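Peer 1: Provided herewith is a single structure, encoded as structure tokens, for subsequent inquiry.
The values are calculated or read from the model by the stated rules, or taken from the named source; none is laboratory data. Only a predicted model underlies this, so the values are computations on that prediction, with no experimental measurement involved. Here the Cβ positions follow ideal geometry from the backbone for every residue, glycine too, while neighbour counts run over all protein chains shown.
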Amino acid sequence: MQTTKADGDRDSAGDTRRGFLAKVAALACGGLATVAPLAAGVWAFLDPLRRKGAAATFLPVTELTAVPDDGVPRQFAVVSERIDAWTGFPREPIGAVYLRREKGSQQVEALSATCPHAGCFVELEADGRCFRCPCHNSTFTRDGGIVQPSPSPRVMDALECQVSESGAVSVKWQNFYTGIADKVARE
Amino acid sequence: MRSPFRGRPGPLRKLGDFLDDRTGWRGLVHEALYERVPGGARWRYVWGSTLVFAFMTQVITGLFLWASYSASAQTAWESVWYIQHEMAGGWLLRGIHHFMAQAMVILLALHLLQVVIDGAYKAPREVNFWLGLVLMMLVLGMALTGYLLPWDQKGYWATRVATNLAGLVPLVGPQLQQLVVGGPDYGHHTLTRFFALHAGFLPATLVLFLVVHLALFRKHGLHAKQPVTRPDGMFWPDQLLKDTVAMLAVMAVVLGVILVPAVRAMLAGGPVVAGELGAELGAPADPSQPYAAARPEWYFLFLFQFLKVFEGWGATGEFLGAIVVPGVIMLVMFLMPIVGRWRLGHRFNVAFTLGLLAGVAALTGLALDEDYYAVWADKQRLAEAARLYDETGGDEAKVLASVGDKAKARAVAGQFHAVEKLRRSEAFLAAVSTARADAERAAELAGRPERIPPAGALDLVRRDPLAQGPRLFAQHCGSCHAHVDPARPDAAAILAKSSAANLHGFGTAAWMRGLLDPEQVAGPAYFGNTAHREGDMVGFVQGDLQDKDTWKQADIEAVIAVMAAESGLGDAATPAQTIARGRELVAATDRCGGCHRFGDNGTDLGTACDLTGWGGREWLVGIIRDPTHERFYGTSNDRMPSFGKAAESAAPLLTAEQIGLIADWLRGAWYRPATLAGE
């Protein structure tokens, strides 16, 4: 080790203007050279922020006759085409909704199967009387209301639902931010 | 350390002291930076540092690429396409990684050269020299494995060659090959294994060796260029300034290679497409398509050329060229520190290294000369020899008969070698341009709004009429039919060689106008080289149709317009009146309808082609499937095979999908990207 000698050299050279400039120049060159790959990497890494989800649209889910008017929710698959980065998938199930209909009603209520607490898939209890989330036991009544105590900050997310004259049921498919008291749609 | 500041220490200083007390970081930084450089800083010492910098660049860009890459046979090309064409800055990231890898190979050669020339490999630095050689092989291994990862044609075929060569290793070759490939065939596991090697095993090993390499370098100190005449300098900032300037220069060159095409395009006023900058991405790997443009990356070109030396020796030759000779060279390099002790050993080592690099350069030059000979060959000078070569097939007796003069014949034959080289080079360049067109088309198809199907981009390419049509046509139709734009200067020569109609523009008004032209109907573009040369249609066009009282020019034009409309390739602006008149003429039993069925004109099938839907997709598919069907040529069919009709106990020559691809290609029905508004 040449510490003593090196210290001496540094002290005599370090204070000179030339030595200072050399240090600044070395740092500048090294920094500049490293910035290019880092910047390119970060630029590409931030690419997902430019991407938007598919716009919320009404997707056909089922026929009115398939939703019994007994007030008990039933699970239906939402089917749609989907683009995942480079792959374009043909029509396939992309999620699920619960539909229910009161006695004699022509109106269908749609609830998103995504738990407003942390985004797990809410399950319908076997007796059809309430929903329960398998992750943290959020419990909801069959019309989506909260059964306290519950970790969920809000009731289940209702989705807009249309029934055409011919009886086709379609649902406005969208996602909402989880974990907050307000129902805010994701862009 | 003494503070340069007076008075109470600031909070930053305090934090520094706090950490120093617990980690001793100031001592570490001090030790790292204040290394003595005997004889002062020099430019010749920068190569090691630039290599470390290049490696760090690869680690940074590699990790970010990793965040978007997907290693499987159905997603590798696709994810790289997405990085290159869709992700913001992806082209730059990939470009830096691609070209820095190449820069690294050059820097390796320079570093090795400097170490050998300066004698830096001698005692006590032998072990470090050996570590350096191991590092070199690791870098080359990373280059080799990285080449496959985009799973495009060039990476795929180059890797097949490289792994087949691995199969030549004695005793364990086949097993070694199967392990590297990840099974008996190339696929998902080839990619996952190459990726694990490229981004895991090899760089991790490299880091280990690099740490020891650098530690030993610091232990021994820098090997100064002898004799030391100048006063000693310091690593920081004297040598480090030179190092960082060199790093910046390397990065500038890499960025230059990526960005110069963009600047050039901008200066020429053309559009700059970010996805086309930086590293090339070939068409998706396809084991079912020949790839005559296959070449290794340029820094392995010398090995490729070297293997040609052993052509004709079979597997033994490849074993010698790919394994024994490179093995012996590596052995000599490993022995350099020992040989260097001998009096003339050092000179031998320097001469060997220079000779090796010169050999590599010469072989690379030879390989490039063979491939690109057509670019710089004096074609004027070779014109006569080329003509005679093509006529005689290189047979000297025939050449003598043709030239008549012995001396001249010998002179011409002496040029045949150059002609052969020219022809090979032309074939290679044509393959390169086909490969480029295929790559562009694949990228264009991937960019459709509906993106790539789950089966992958290869599936997309295989279902593309533009990509497959010309290949299928050449393979199945081209031995009789020409497909050449009549406006091309060499059209006549190509037509003369064909023995059936020219199908370029089939279904269009221009094609139909040629058919109804008495000068052309019996020419090579239509019936001239077929059994129908003197058939009824030729007789009709040259006879009845010339009767200007029956067939007014406007009538002929109406027939042309309606036939083009029938094929779906007509001019949408044709007046309805013209179409109606045309339909009437084509259907009329005293005009075309005398022989041809058209709609419900009642003419029997079997005499001539049914003109209903003529030239349309369904019609074309039908005639390719079975021209002997009564809708088409029936019993008077001239030589054309029924491509879609299975002969007894055999599959048809073409599948329905292939026939559809040919029909769509002939009709120009393929995906075209939407052009920008206003274009």
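Peer 1: How many residues are surrounded by fewer than 15 Cβ atoms within 10 Å (Cβ to Cβ) and either within 14 Å of chain B (Cβ to nearest Cβ) or touching a residue at least 60 places away in the same chain (Cβ under 8 Å) (or both) when one looks only at segment A:72-81?
Peer 2: Of the residues in segment A:72-81, 1 are surrounded by fewer than 15 Cβ atoms within 10 Å (Cβ to Cβ) and either within 14 Å of chain B (Cβ to nearest Cβ) or touching a residue at least 60 places away in the same chain (Cβ under 8 Å) (or both).
Peer 1: Further question on the same structure: Which one of these does B:F53 not meet: (1) in contact with a Phe, Trp or Tyr (Cβ under 6 Å, 6 or more places away or on another chain); (2) touching a residue at least 60 places away in the same chain (Cβ under 8 Å); (3) surrounded by 18 or more Cβ atoms within 10 Å (Cβ to Cβ)?
Peer 2: For B:F53, the failing item is (1).
Peer 1: Also, I was wondering about something else. List the residue pairs whose Cβ atoms are under 6 Å apart, where the first residue sits in segment A:25-44 and is more than 7 Å from chain B (Cβ to nearest Cβ), the second is at pLDDT below 95, and the two are 6 or more positions apart or on different chains.
Peer 2: Hits for this filter: zero, empty list.
Peer 1: Write out, first by first residue and then by second, each pair whose Cβ atoms fall under 6 Å of each other, whose residues are 6+ apart or on separate chains, and whose first residue, in segment B:552-577, is touching a residue at least 12 places away in the same chain (Cβ under 8 Å) while the second is part of a helix (DSSP H, G or I) and of a type in the set (G, A, S).
Peer 2: Qualifying pairs under 6 Å: B:A558/B:G582; B:V559/B:G582; B:I560/B:A509; B:A561/B:G582; B:V562/B:G582; B:A564/B:A509; B:G570/B:A564; B:T574/B:A561.
Peer 1: Follow-up question, since we're still on this one. Scanning for something within 27 Å of B:D243 (Cβ to Cβ) and within 9 Å of chain B (Cβ to nearest Cβ), does segment A:45-53 turn up at least one residue?
Peer 2: Residues of segment A:45-53 that are within 27 Å of B:D243 (Cβ to Cβ), as a first pass: none.
No, every residue in segment A:45-53 fails to be within 27 Å of B:D243 (Cβ to Cβ) and within 9 Å of chain B (Cβ to nearest Cβ).
Peer 1: Let me ask something else. Here are the criteria: (1) more than 10 Å from chain A (Cβ to nearest Cβ); (2) under 26 Å from A:A26 (Cβ atoms); (3) among the basic types (K, R). Tell me which single one B:R36 does not satisfy.
Peer 2: So B:R36 meets the others, but not (1).
Peer 1: Checking A:G88 against (1) surrounded by fewer than 20 Cβ atoms within 10 Å (Cβ to Cβ); (2) free of Cβ contacts under 8 Å to residues at least 60 places away in the same chain; (3) more than 14 Å from chain B (Cβ to nearest Cβ), only one condition comes out false. Which one?
Peer 2: The failed condition is (3).
Peer 1: Another one. Can you confirm whether B:D232 is touching a helix residue (DSSP H, G or I) at 6+ places or on another chain (Cβ under 7 Å) and not assigned by TED's automatic domain parsing to the domain that holds B:L51? Walk me through how you get there before you give the answer.
Peer 2: Numbers: touching a helix residue (DSSP H, G or I) at 6+ places or on another chain (Cβ under 7 Å): no; not assigned by TED's automatic domain parsing to the domain that holds B:L51: yes.
Judged against the criteria, B:D232 is not a match.
Residues are listed down the side, and each one gets a yes or a no for (1) in contact (Cβ under 8 Å) with a residue 24 or more places away in the chain; (2) surrounded by fewer than 13 Cβ atoms within 10 Å (Cβ to Cβ); (3) touching a Cys at 6+ places or on another chain (Cβ under 6 Å); (4) of a type in the set (V, I, T):
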residue: B:A294; (1), (2), (3), (4): yes, no, no, no
residue: B:F310; (1), (2), (3), (4): no, no, no, no
residue: B:V350; (1), (2), (3), (4): yes, no, no, yes
residue: B:L356; (1), (2), (3), (4): yes, no, no, no
residue: B:T364; (1), (2), (3), (4): yes, no, no, yes
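Peer 1: Give the residue that is farthest from the other protein chains (Cβ to nearest Cβ), with candidates limited to residues of segment B:215-243 that are part of a helix (DSSP H, G or I) and free of Cβ contacts under 8 Å to residues at least 40 places away in the same chain. Give the derivation first.
Peer 2: From segment B:215-243, those part of a helix (DSSP H, G or I) are B:215-220, B:235-243; that's our starting set.
With free of Cβ contacts under 8 Å to residues at least 40 places away in the same chain added as a condition, the list becomes B:215, B:219, B:237.
Values: B:A215: 14, B:K219: 11, B:P237: 4 Å.
This residue is B:A215.
Peer 1: Out of curiosity, is B:A199 under 33 Å from the mean Cα position of the chain (by Cα), within 14 Å of chain A (Cβ to nearest Cβ), part of a helix (DSSP H, G or I) and of a type in the set (G, A, S)? Break it down into steps so the answer makes sense when it comes.
Peer 2: On the way: under 33 Å from the mean Cα position of the chain (by Cα): yes; within 14 Å of chain A (Cβ to nearest Cβ): no; part of a helix (DSSP H, G or I): yes; of a type in the set (G, A, S): yes.
The answer is no for B:A199.
Peer 1: Moving on to the next point. Do we find that B:A123 is surrounded by fewer than 19 Cβ atoms within 10 Å (Cβ to Cβ), in contact (Cβ under 8 Å) with a residue 12 or more places away in the chain and assigned to a helix (DSSP H, G or I) in this structure? Give the steps one after another, and end with the answer.
Peer 2: Working: surrounded by fewer than 19 Cβ atoms within 10 Å (Cβ to Cβ): yes; in contact (Cβ under 8 Å) with a residue 12 or more places away in the chain: yes; assigned to a helix (DSSP H, G or I): no.
Criteria not met by B:A123.
Peer 1: Okay, next question. Consider B:G282 carefully, then state whether it is touching an Asp or Glu at 6+ places or on another chain (Cβ under 8 Å), of a type in the set (G, A, S) and more than 24 Å from B:E440 (Cβ to Cβ). Spell out the reasoning first.
Peer 2: Details: touching an Asp or Glu at 6+ places or on another chain (Cβ under 8 Å): yes; of a type in the set (G, A, S): yes; more than 24 Å from B:E440 (Cβ to Cβ): no.
So B:G282 fails the test.
Peer 1: Considering only residues of segment B:59-82 that are crowded, with 24+ Cβ neighbours inside 10 Å and more than 21 Å from B:T190 (Cα to Cα), which is farthest from the other protein chains (Cβ to nearest Cβ)?
Peer 2: My answer is B:T61.
Peer 1: Determine whether segment A:40-52 contains at least one residue that is surrounded by fewer than 17 Cβ atoms within 10 Å (Cβ to Cβ) and farther than 30 Å from B:R94 by Cα.
Peer 2: Just the residues of segment A:40-52 that are surrounded by fewer than 17 Cβ atoms within 10 Å (Cβ to Cβ), to begin with: A:42-43, A:46, A:48-52.
Those still in the list that are farther than 30 Å from B:R94 by Cα too: none.
Checked segment A:40-52: no residue is surrounded by fewer than 17 Cβ atoms within 10 Å (Cβ to Cβ) and farther than 30 Å from B:R94 by Cα.
Peer 1: Any chance segment B:234-252 includes a residue that's at pLDDT 90 or above, touching a strand residue (DSSP E or B) at 6+ places or on another chain (Cβ under 8 Å) and surrounded by 15 or more Cβ atoms within 10 Å (Cβ to Cβ)?
Peer 2: Among the residues of segment B:234-252, at least one is at pLDDT 90 or above, touching a strand residue (DSSP E or B) at 6+ places or on another chain (Cβ under 8 Å) and surrounded by 15 or more Cβ atoms within 10 Å (Cβ to Cβ), which makes the answer yes.
Peer 1: Looking only at residues that are surrounded by fewer than 16 Cβ atoms within 10 Å (Cβ to Cβ) and either modelled with pLDDT of 90 or more or under 28 Å from the mean Cα position of the chain (by Cα) (or both) in segment B:640-668, which one is farthest from B:G570 (Cα to Cα)? Before you say what the answer is, go through the steps one by one.
Peer 2: Here is the first cut: in segment B:640-668, the residues surrounded by fewer than 16 Cβ atoms within 10 Å (Cβ to Cβ) are B:645-651, B:655-657, B:668.
Adding the requirement that they be either modelled with pLDDT of 90 or more or under 28 Å from the mean Cα position of the chain (by Cα) (or both) leaves B:655-657, B:668.
Numbers: B:T655: 29, B:A656: 26, B:E657: 25, B:G668: 13 Å.
Checked segment B:640-668; the qualifying residue farthest from B:G570 (Cα to Cα) is B:T655.
Peer 1: Does segment B:141-149 include one or more residues that are within 14 Å of chain A (Cβ to nearest Cβ), under 30 Å from A:K52 (Cβ atoms) and touching a Gly at 6+ places or on another chain (Cβ under 9 Å)? Step through it out loud before you land on a result.
Peer 2: Taking segment B:141-149 and keeping what is within 14 Å of chain A (Cβ to nearest Cβ), we get none.
No; the residues of segment B:141-149 include none that is within 14 Å of chain A (Cβ to nearest Cβ), under 30 Å from A:K52 (Cβ atoms) and touching a Gly at 6+ places or on another chain (Cβ under 9 Å).
Peer 1: May I pose another question? Please work out if A:G119 is part of a loop (DSSP other than H, G, I, E, B), of a type outside the set (A, V, I, L, M, F, W, C), in contact (Cβ under 8 Å) with a residue 24 or more places away in the chain and closer than 24 Å to A:R51 by Cα. Walk me through how you get there before you give the answer.
Peer 2: Numbers: part of a loop (DSSP other than H, G, I, E, B): yes; of a type outside the set (A, V, I, L, M, F, W, C): yes; in contact (Cβ under 8 Å) with a residue 24 or more places away in the chain: yes; closer than 24 Å to A:R51 by Cα: yes.
The answer is yes for A:G119.
Each row is one residue, and each column tells you yes or no for (1) surrounded by 13 or more Cβ atoms within 10 Å (Cβ to Cβ); (2) in contact (Cβ under 8 Å) with a residue 24 or more places away in the chain; (3) outside the structural domain of B:P124 (by TED's automatic domain parsing).
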| site | (1), (2), (3) |
| --- | --- |
| B:G270 | no, no, yes |
| B:A285 | yes, yes, no |
| B:L301 | yes, yes, yes |
| B:P337 | yes, yes, yes |
| B:W342 | no, no, yes |
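Peer 1: Name the single residue, out of those in segment B:422-455 being within 14 Å of chain A (Cβ to nearest Cβ), more than 22 Å from B:W91 (Cα to Cα) and touching a residue at least 40 places away in the same chain (Cβ under 8 Å), that is surrounded by the most Cβ atoms within 10 Å (Cβ to Cβ).
Peer 2: Per the stated criteria, the residue is B:P454.
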